[in-house]
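Participant: Please see the structure below; I have some questions.
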């Protein structure tokens, strides 16, 4: 038996306990919980086969009472002694995509980001469109290209047309960008024809991950009217390997910014709450932005209520992301298109003037939040290297 | 042993042989092939467990050589005698959603439809946007709400704002519409970072289904800027239970309309081919439109090449639909918003003036194409009843 040591100041103390899927070298994938710098193999520690699977979906589908019960059992377990065979150093295992994603929806819930993008994409119009303060604007992304941190992203090719060009051309994206976001994973699905009211959020949503919603701005700008972003986004979306349970984020709850005009009844919460999560964007080892999640206009519960108000079903593993997290300051923006104002105002990264991503660049998103024990809890990171395009001349 | 009788003029002769998933009363789902008015249980007839599963995905993932081999075996089998226990009258079985859908993409490949919608949604602008003739415009829909023919569609609720209203209101959609489309099912998936060239279409695409992409026009009109349709579409998409193999559609190949300007190289086919499929839209038993698929501007292979040119992976079960099939004539339009010109020019259905759908209405899409034997082959139908909204007052 082992007593797991949690280093002082660890972001993975007993008030966090995020779930992930890992494999020791040469072995099968299974579900684990991170504690300090270790991973606890839950199938081995709890003797429950639902954790011997290669994704979290089976456990997530068991519902919120079961999530609470397992969290209590894991807390008791790792506070005492854990069987040696169930404990692995996190540095010695491989981390995998934690869920099979059902549908992937991306919202647009930061007023600062939506206003910035409006100014950049539609310079002659009002930055916020008329619907923005009435509903959480969102759209469906590609679930089949969600990948885990550590997976290289290949620079996409596609059609691009700059405003001063007469014809579109084909080639590699010249404006490859990030979007730093928070994503929510549905645990208990809901039936077709049955909207999920805002107050049902705790029963439905299992946990949160960090999301990097890669965006090829030149492809997106040419294709996105009238049906929205498609190939400018669908090549890859990266997520963190650790799913932070919503219960671990209770201490991070804060009120959303004031919502004016008052939302329609189906979007009203007694006390709409967001999350006091500090994100960090690191570009080639240098911190270039610190997006504050607490600035997000629409709450996680409002996004889910909106997503289902038309009767759309949800399934275990559905992922909905917040959209880019941007604060009011330039240094709080979660996308390079905002940080560099459309590429017109480069920033200095590691001594070089930079706008969009180059091949070989590495981006790491990370995030922390207040934990229940008075310190902070972490999301781990989404770290990605940009690989060169495969078929640039095609 | 039974010799299956195919009635004269049947749309399900030996040159069709579509696949589906069925269950006899009280029994498990399994894969079958339709022949005349019968279904042949393939697990029972061929003794292969891949057909004993509740979806076609396992078989579809086996690849195009295997699809050809099974089609040859089934043709030989049903030309002779089939074990009695493997044959069921189609009227005595239940038909199910034939595949687990991976990602669902909806294109917008009819020039007539895109021009009509442009005139209706953006009356003060050019109907076709600048990108339309350069790329197949498309977007991701909700895979988790794809349902099979026979499943009621519950009228969605949501936010709507007519142009003359100051504030949006919440309630049931007042402009519930259909979109008659053809959908293509990916059999052999492709890896992330590996585009699928146009010439690889036959190796990748297993077959085609009819699709009704339900659309709440009032919800859609208010929400769709700038990220595209979301709740106006995500409540339901209905498909036919029979998947017509692409091999059965060889005799239906026709050239696409001329493509001018010439597409970029990745979209060029030696001889771009569409399909000479006649769709029929029946509203409460009366035929109200006959959309011709041969009018579609972008070919099925071009849509798949575009969808993947940025390196997006595809998976077995991915569904991509053509977008509404509309011909040049009003009576060839595949959506009621076009047939009734935005609801301003009602049509007479069963003696009544009608614009959009009422509760209790029934819509049936069907389609036929030339078959290899000189007659016609059928897709079966997508038949749906509109059920009243669940929470109209919320």
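The values are calculated or read from the model by the stated rules, or taken from the named source; none is laboratory data. This one's a predicted model, so the numbers in the text were calculated from it and none came from an experiment. When we count neighbours, we look across all protein chains shown, and the Cβ atoms used for this are built from the backbone with ideal geometry, even at glycine.
Participant: Does residue B:292 satisfy the condition of being in contact with a strand residue (DSSP E or B) (Cβ under 8 Å, 6 or more places away or on another chain) and either modelled with pLDDT of 95 or more or in the same structural domain as residue B:247 (by TED's automatic domain parsing) (or both)? Don't jump to the end; show me each part of the working.
Facilitator: On the way: in contact with a strand residue (DSSP E or B) (Cβ under 8 Å, 6 or more places away or on another chain): yes; either modelled with pLDDT of 95 or more or in the same structural domain as residue B:247 (by TED's automatic domain parsing) (or both): yes.
So residue B:292 fits the description; yes.
Participant: Looking at region A:339-347, is at least one residue crowded, with 20+ Cβ neighbours inside 10 Å and over 21 Å from residue A:389 (Cβ atoms)? Talk me through it step by step, then tell me what you get.
Facilitator: Restricting attention to region A:339-347, the residues satisfying the condition of being crowded, with 20+ Cβ neighbours inside 10 Å are A:339-340.
Still in the list and also over 21 Å from residue A:389 (Cβ atoms): A:339-340.
There is at least one residue in region A:339-347 that is crowded, with 20+ Cβ neighbours inside 10 Å and over 21 Å from residue A:389 (Cβ atoms).
Participant: Can you spot a residue in region B:129-144 that is surrounded by fewer than 24 Cβ atoms within 10 Å (Cβ to Cβ), more than 9 Å from chain A (Cβ to nearest Cβ) and within 24 Å of the chain's Cα centre (by Cα)?
Facilitator: Yes: region B:129-144 contains one or more residues that are surrounded by fewer than 24 Cβ atoms within 10 Å (Cβ to Cβ), more than 9 Å from chain A (Cβ to nearest Cβ) and within 24 Å of the chain's Cα centre (by Cα).
Participant: If you don't mind, another one. Only one residue in A:205, A:209, A:239, A:244 is under 29 Å from residue A:368 (Cβ atoms), modelled with pLDDT of 95 or more and in contact with a helix residue (DSSP H, G or I) (Cβ under 8 Å, 6 or more places away or on another chain). Which one?
Facilitator: Going through A:205, A:209, A:239, A:244 in turn, just one is under 29 Å from residue A:368 (Cβ atoms), modelled with pLDDT of 95 or more and in contact with a helix residue (DSSP H, G or I) (Cβ under 8 Å, 6 or more places away or on another chain): A:205.
Participant: Still on this structure, please answer the following. Give just the number: which of (1) at pLDDT 95 or above; (2) more than 8 Å from chain A (Cβ to nearest Cβ); (3) more than 16 Å from residue B:103 (Cα to Cα) does residue B:163 not satisfy?
Facilitator: Condition (1) is where residue B:163 drops out.
Participant: Return the only residue of A:72, A:37, A:48 being out of contact with any helix residue (DSSP H, G or I) (no Cβ under 8 Å at 6 or more places or on another chain) and surrounded by fewer than 17 Cβ atoms within 10 Å (Cβ to Cβ). Give the steps one after another, and end with the answer.
Facilitator: Details: A:37 fails: out of contact with any helix residue (DSSP H, G or I) (no Cβ under 8 Å at 6 or more places or on another chain); A:48 fails: out of contact with any helix residue (DSSP H, G or I) (no Cβ under 8 Å at 6 or more places or on another chain).
None of the other options fit; the residue is A:72.
Participant: Given the options B:149, B:115, name the one that is buried (at least 21 other Cβ atoms within 10 Å of the Cβ), under 22 Å from the mean Cα position of the chain (by Cα) and at negative phi.
Facilitator: Sole residue among the options that is buried (at least 21 other Cβ atoms within 10 Å of the Cβ), under 22 Å from the mean Cα position of the chain (by Cα) and at negative phi: B:149.
Participant: So which pairs qualify, if the first residue must be in region B:184-195 and over 11 Å from residue B:61 (Cα atoms), the second must be at pLDDT below 95, the Cβ gap must be under 8 Å, and the two must be at least 6 apart or on different chains?
Facilitator: The qualifying pairs are B:193/A:390; B:194/A:390; B:195/A:390; B:195/A:391; B:195/A:394.
Participant: Testing residue B:51 on (1) outside any helix (DSSP H, G or I); (2) closer than 22 Å to residue B:380 by Cα, one condition comes back false. Which one is that?
Facilitator: Every listed condition holds for residue B:51 apart from (1).
Participant: Hey, another quick one. Residues in region B:73-80: is at least one in a loop (DSSP other than H, G, I, E, B) and away from every other protein chain (no Cβ under 12 Å)? Step through it out loud before you land on a result.
Facilitator: If we filter region B:73-80 for residues that are in a loop (DSSP other than H, G, I, E, B), which is where we start, we get B:80.
Next, only the ones that are away from every other protein chain (no Cβ under 12 Å) stay: B:80.
Yes, the conditions are met somewhere in region B:73-80.
Participant: If you check residue A:206 against the conditions, is it under 29 Å from residue B:312 (Cα atoms), assigned to a strand (DSSP E or B) and touching a residue at least 60 places away in the same chain (Cβ under 8 Å)?
Facilitator: Spelling it out, residue A:206 is indeed under 29 Å from residue B:312 (Cα atoms), assigned to a strand (DSSP E or B) and touching a residue at least 60 places away in the same chain (Cβ under 8 Å).
Participant: I've got another one for you. Against the definition (in contact with a strand residue (DSSP E or B) (Cβ under 8 Å, 6 or more places away or on another chain), surrounded by fewer than 23 Cβ atoms within 10 Å (Cβ to Cβ) and in the same structural domain as residue A:312 (by TED's automatic domain parsing)), how does residue A:184 come out, yes or no?
Facilitator: Details: in contact with a strand residue (DSSP E or B) (Cβ under 8 Å, 6 or more places away or on another chain): yes; surrounded by fewer than 23 Cβ atoms within 10 Å (Cβ to Cβ): no; in the same structural domain as residue A:312 (by TED's automatic domain parsing): yes.
For residue A:184, the condition - in contact with a strand residue (DSSP E or B) (Cβ under 8 Å, 6 or more places away or on another chain), surrounded by fewer than 23 Cβ atoms within 10 Å (Cβ to Cβ) and in the same structural domain as residue A:312 (by TED's automatic domain parsing) - is not met.
Participant: Of the conditions (1) in a strand (DSSP E or B); (2) surrounded by 22 or more Cβ atoms within 10 Å (Cβ to Cβ), residue A:170 fails just one. Which one is it?
Facilitator: Of the numbered conditions (1) in a strand (DSSP E or B); (2) surrounded by 22 or more Cβ atoms within 10 Å (Cβ to Cβ), the odd one out for residue A:170 is (2).
Participant: Select from region A:189-220 the residues that are within 10 Å of chain B (Cβ to nearest Cβ) and under 14 Å from residue A:121 (Cα atoms) and list them in ascending order.
Facilitator: Answer for region A:189-220, where residues must be within 10 Å of chain B (Cβ to nearest Cβ) and under 14 Å from residue A:121 (Cα atoms): A:216, A:219.
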